[in-house]
Protein chains: 4
Amino acid sequence: MALIGAELTRVEPGIVEITLPYRDDLTQQHGYVHAGIITTIADSACGYAAYTLMPPGSDVLAVEFKVNLLRPAKGERFVATAEVVKSGRTLTVVRADVQAVSGAQRELVAIMQSTMMRL
Amino acid sequence: MALIGAELTRVEPGIVEITLPYRDDLTQQHGYVHAGIITTIADSACGYAAYTLMPPGSDVLAVEFKVNLLRPAKGERFVATAEVVKSGRTLTVVRADVQAVSGAQRELVAIMQSTMMRL
Amino acid sequence: MALIGAELTRVEPGIVEITLPYRDDLTQQHGYVHAGIITTIADSACGYAAYTLMPPGSDVLAVEFKVNLLRPAKGERFVATAEVVKSGRTLTVVRADVQAVSGAQRELVAIMQSTMMRL
Amino acid sequence: MALIGAELTRVEPGIVEITLPYRDDLTQQHGYVHAGIITTIADSACGYAAYTLMPPGSDVLAVEFKVNLLRPAKGERFVATAEVVKSGRTLTVVRADVQAVSGAQRELVAIMQSTMMRL
């Protein structure tokens, strides 16, 4: 997260938001932010969201996730918002949306559905 | 890919391998390479593998992918090998394995199933 | 759909609901409705939801889907609600929730994220 | 499984095969076997495959799965073959292929990647 310049911009029980400002070196051949980077912030948001509902001292691990990439990731910044769908004793299921923001405009660029595990 | 230091180490029709040497700044809180990085090399390998079977002048785009993270990503380098399962006119389905390599030891750390689109 | 006794109970542009009454012969070894049946109604709801936003004469095909099974599927009936997230020229991305209903009680039992194709 | 006429045709440690003969009432609007049915046999094969590597007395539950539907499911019978990729203490990751068989011809119609949990 430090490498790419992302930061936590909202933390509530079961909901976490991560914001990533655009940076040239995060883009692929067409000048859009790489799908792997968009996935990274979505996955991190899911992990933190799951973590907010776990008992103190827990550790969280991504078991698996699935991403649909909806539009090219172009914008001034990218906001991943994750929300816990079901928090279980061992497994937590989370959904996330990633939006590209440019001025007042917001566009959904990716959605994720993931499974997190408590250790 | 340049940002993280990954490179193409095998390209055949329908099969592509990408190798990523370990680097401290790619790790998360436990010292393992971040799931987002492992996903990035798997996704890139899938995209290139799909591309090898497309007509000249095609452009490839990831529609979606799903990753299972099997073990902590620790090793000297990480090798993502992608193989096309079905190459269609519009959509191509690809599977990838990511192995962590340390000396003579190889461990499967992640598997991906993805859909690529030809533009 | 006829085989299992499911029916369309809501159809709006981009949103479709399918309802399946409980039936003994749809259950697995524990007496819960089989994951494959829950998936079938979620997938059908996603397909119809995508179809509502396509031009007349279109045909819709499921490219892929991913399901998380959250709780045992026990209830008097099961309601799959699908909503289009992005409707594109070729591909449509849809999310669905499946709830188990017993009297006034509703429980989320599964969530789906899927990609549909227009033919 | 009994409802649709599927049966276990191969059981080895970590590998299970389920065969489903074609039946008119399992088809959708185009005469192909419904994606939900193909998913059901793939999911069942994954569950049994995971189960073969679990300690006696275990119970297995599907946490999630992802399916890519590659071709229309037409054939005399459908064979789902599942193989365990990683068998863990709590979670098991499995891949499955579903082939349509007609005489001597075999065609891959779907692939699955899934996570099973031991109870």
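The values are calculated or read from the model by the stated rules, or taken from the named source; none is laboratory data. Not measured: the values here are computed from a predicted model. All Cβ positions, even for glycine, are placed from backbone atoms using ideal geometry, and neighbour counts span all protein chains on display. All accessible areas refer to the heavy atoms of the entire protein, side chains included, with ligands and DNA or RNA removed. Shrake-Rupley method; radii C 1.70, N 1.55, O 1.52, S 1.80 Å.
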> For chain A, modelled as a Gaussian network with Cα springs under 10 Å, which listed residue fluctuates most, A:P55, A:P21, A:P13?
Replying inline: A:P55
> Just how large is the dipole of the protein assembly as shown about the Cα centre, in debye to the nearest 20, putting +1 at every Lys and Arg Cβ and -1 at every Asp and Glu Cβ?
Replying inline: 0
> How high is the relative contact order of the range A:25-119, in percent, counting Cα pairs under 8 Å that sit 6 or more residues apart?
Replying inline: 33
> How big is the charge dipole of chain C about its Cα centre, in debye rounded to the nearest 20, if each Lys and Arg gets +1 on its Cβ and each Asp and Glu gets -1 on its Cβ?
Replying inline: 280
> So which of A:K66/C:K66; B:K66/B:K86; D:K66/D:K86 end up more than 18 Å apart, counting from Cα to Cα?
Replying inline: none
> Per residue, how much space in cubic angstrom lies within the convex hull of the C-alpha atoms of the protein assembly as shown?
Replying inline: 160
> What is the mean number of Cβ atoms from other protein chains located within 10 Å of the Cβ atom of each residue in peptide C:67-76, rounded to a whole number?
Replying inline: 5
>> With the label 7 angstrom out along Cα to Cβ, how close does C:S58 come to the same site in each of the other copies, in nm, nearest first?
In response: 2.4, 4.0, 4.3
>> Taking each residue in C:94-102, count the Cβ atoms of any other chain within 10 Å of its Cβ, then average. What number comes out?
In response: 1
> Taking the C-alpha atoms of chain D, how large are the radius of gyration and the largest Cα-Cα span, Dmax, in Å?
Replying inline: 13.9, 43
> For D:S58, what charge total do you get from the other residues with a beta carbon under 14 Å from its beta carbon, if Lys and Arg give +1 and Asp and Glu give -1?
Replying inline: +1
> Who wins for biggest fluctuation among D:T19, D:T27, D:T81 in a Gaussian network model of chain D, springs between alpha carbons below 10 Å?
Replying inline: D:T27
>> Output the 0 to 90 degree angle, nearest 10, between the alpha-carbon long axis of helix A:35-51 and the longest principal axis computed from the alpha carbons of chain A.
In response: 30
> What average number of partner chain Cβ atoms lie no more than 10 Å from the Cβ of the residues making up D:52-65?
Replying inline: 4
> Once the whole set of protein chains is in place, how much accessible area is left on C:M54, using a 1.4 Å probe, in Å² to the nearest 10?
Replying inline: 30
>> If I histogram all Cα-Cα distances within the range C:64-116 using bins 5 Å wide from 0, what percent of pairs lands in each bin?
In response: 5, 21, 25, 19, 13, 9, 6, 2, 0
> Which of the aspartates and glutamates could be linked to B:K74 by a straight reach, that is with a Cα gap under 17 Å, when you skip same-chain ones fewer than 8 residues away?
Replying inline: B:D24, B:D25, B:D97, B:E107
> When ranked by the protection proxy of mean other Cβ atoms within 10 Å per residue, highest first, what sequence do the peptides B:99-106, A:72-79, D:57-64, A:111-118 form?
Replying inline: A:111-118, A:72-79, D:57-64, B:99-106
